[in-house]
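The values are calculated or read from the model by the stated rules, or taken from the named source; none is laboratory data. Being a predicted model, the structure only gives us computed values, none of them experimental. FYI the Cβ positions are ideal-geometry reconstructions off the backbone, even for glycines, and counts take in every protein chain you see.
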Amino acid sequence: MIFNTAIWKRTWGDQRVLVLSLAALWAVFPWIYITLSAQIQMSAFQDVLLRAIPQEWQKLSGVPFSEVATHAGRVALAFVDPVVVLAATVWGITRGSDAVSGQLERGTMEMVLAAPVGRVAVFVTQAVATTLAAAVLVGVLLGGVYSAIAFGPWAGQVDPARFVPAAANVFGLMVCMAGITACVSAADSHRWRTIGILCGFYVFSILAKLVGRMSESLSWVGYLSVFNAYEPQRLVFGGLDSWLLLARYDGVLLGIGLFAYVIGAVIFARRDLPAPL
């Protein structure tokens, strides 16, 4: 039996508060971001971006400044804002760390496994619930962006449908981080240690991407970062190219996340669990 109704309901109950909190944040954030961005006239923004900022910094943006200095480009920056990136990462680390080590640390795993359900079923249920909730959250974010563009200060300036690939890239990042965290959680017995490991992984990934972007001789370092496949600002200019690029980026992120989930399920199924205290 892959799914147990009681465990399914319990898993959704455990993540309900975080889902509602992030949903509220992501529903409001696009309106705040676009409203504040609209206070800066496009001509002034272009002057600062194209003249005051060194051209070498274009390597960090991932796209030419000339493309950023458009309505679509300015909205795209919302997807690389810390409110989105950190929230997506927090979701993955928080839910992934609760897959095994979190429940072991709380002492609830023994009660869960006392039910007529296997370890793999417990792990898969948590993974599916985490992934479905991530899709719901991304839908809320996309709805916020769509409504803020359609009815906000830039109404009629850009097609809101352009931002669907960017939102899908956020989903890929959430699944990737949740899968990696769940894999580490499956081998650990302390949630704090799992979170610490993933925080280190997050910092390493950020730094690896920056080094790979800024140094031509060390460009290969960028491929060590999962964030090398998170480039939503490059996916908002419409056309087939955006979807093909999304397939490449999310192919990497989802592939890593799903592979990590599989490895985590195998580890959890075979490991010895510590005796309850």
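Report, by residue number, each residue of region 215-245 that is within 20 Å of Val158 (Cα to Cα) and either within 18 Å of the chain's Cα centre (by Cα) or hydrophobic (A, V, I, L, M, F, W, C) (or both).
Glu231, Pro232, Gln233, Arg234, Leu235, Val236, Phe237, Leu240, Trp243
Looking at (1) in contact with a Gly (Cβ under 9 Å, 6 or more places away or on another chain); (2) modelled with pLDDT under 85, which is the only condition Gln58 fails?
Gln58 satisfies all of (1) in contact with a Gly (Cβ under 9 Å, 6 or more places away or on another chain); (2) modelled with pLDDT under 85 except (1).
Residues are listed down the side, and each one gets a yes or a no for (1) farther than 22 Å from Trp243 by Cα; (2) not in a loop (DSSP other than H, G, I, E, B):
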| site | (1), (2) |
| --- | --- |
| Trp154 | yes, no |
| Val158 | no, no |
| Ala161 | no, yes |
| Leu173 | no, yes |
| Cys176 | no, yes |
| Thr181 | yes, yes |
| Thr194 | yes, yes |
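From the list Val164, Val138, Val158, Val122, which one is buried (at least 20 other Cβ atoms within 10 Å of the Cβ) and within 30 Å of Gln41 (Cβ to Cβ)? Let's see the steps before the verdict.
Working: Val164 fails: buried (at least 20 other Cβ atoms within 10 Å of the Cβ); Val138 fails: within 30 Å of Gln41 (Cβ to Cβ); Val122 fails: within 30 Å of Gln41 (Cβ to Cβ).
Answer to the check: Val158.
Of the numbered conditions (1) under 29 Å from Val120 (Cβ atoms); (2) assigned to a helix (DSSP H, G or I); (3) of a type outside the set (Asp, Glu), Ser189 satisfies every one except a single condition; which is it?
The number of the failed condition is (2).
If we scan region 223-233, do we find a residue that is more than 19 Å from Met174 (Cβ to Cβ), β-branched (Val, Ile, Thr), free of Cβ contacts under 8 Å to residues at least 60 places away in the same chain and surrounded by 16 or more Cβ atoms within 10 Å (Cβ to Cβ)?
So far as region 223-233 goes, no, none of its residues is more than 19 Å from Met174 (Cβ to Cβ), β-branched (Val, Ile, Thr), free of Cβ contacts under 8 Å to residues at least 60 places away in the same chain and surrounded by 16 or more Cβ atoms within 10 Å (Cβ to Cβ).
For region 205-243, give me each residue that is among the charged types (D, E, K, R) and either assigned to a helix (DSSP H, G or I) or under 25 Å from Leu258 (Cβ atoms) (or both).
Within region 205-243, Lys209, Arg213, Glu231, Arg234, Asp241 qualify.
Could you check region 1-35 and list, in sequence order, the residues that are among the β-branched types (Val, Ile, Thr) and either in contact with a helix residue (DSSP H, G or I) (Cβ under 8 Å, 6 or more places away or on another chain) or touching a residue at least 60 places away in the same chain (Cβ under 8 Å) (or both)?
Once the filter is applied, which keeps residues that are among the β-branched types (Val, Ile, Thr) and either in contact with a helix residue (DSSP H, G or I) (Cβ under 8 Å, 6 or more places away or on another chain) or touching a residue at least 60 places away in the same chain (Cβ under 8 Å) (or both), region 1-35 yields Ile2, Ile7, Thr11, Val19, Val28, Ile34, Thr35.
Does region 234-253 contain at least one residue that is surrounded by fewer than 18 Cβ atoms within 10 Å (Cβ to Cβ) and basic (Lys, Arg)?
yes
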